[in-house]
Amino acid sequence: MTVTAPQSTRSGIPTIPLVKIELDRDLDITTLHMLFGQITEALSVRPEILAIDFSDCRYIDAQAIRVLLD
């Protein structure tokens, strides 16, 4: 998983307009902790937009979907 967060400045205050998480593996019980950690880290910088790229993810189980919806 890769997190990309370009910074910009709005009214002199540094902001994170977009955080992108690129998933490069299946999401199941064995990778769930990594997904949760990446989302938590990404949201901690309070981005305007959080984008999750699933293009390289071939499988997502129900528990991973629950993390995404929570």
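Tabulated data
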{"read-out": "Sequence ranges 41-51, 15-25, ranked by mean other-Cβ count within 10 angstrom, highest first", "value": "15-25, 41-51"}
{"read-out": "Residue-count net charge about residue 55 - beta-carbon cut-off 11 Å; Lys, Arg +1, Asp, Glu -1", "value": "-3"}
{"read-out": "Gain on full stretching of the segment that runs from residue 41 to residue 53 - 0.36 nm per residue minus C-alpha separation", "value": "2.7 nm"}
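Values in this text are rule-based calculations from the coordinates and carry no lab data. Treat the numbers as computed from the prediction; the structure is a model and nothing was measured. Quick reminder, even Gly has a Cβ in these numbers, built from the backbone with ideal geometry, and neighbours come from all protein chains shown.
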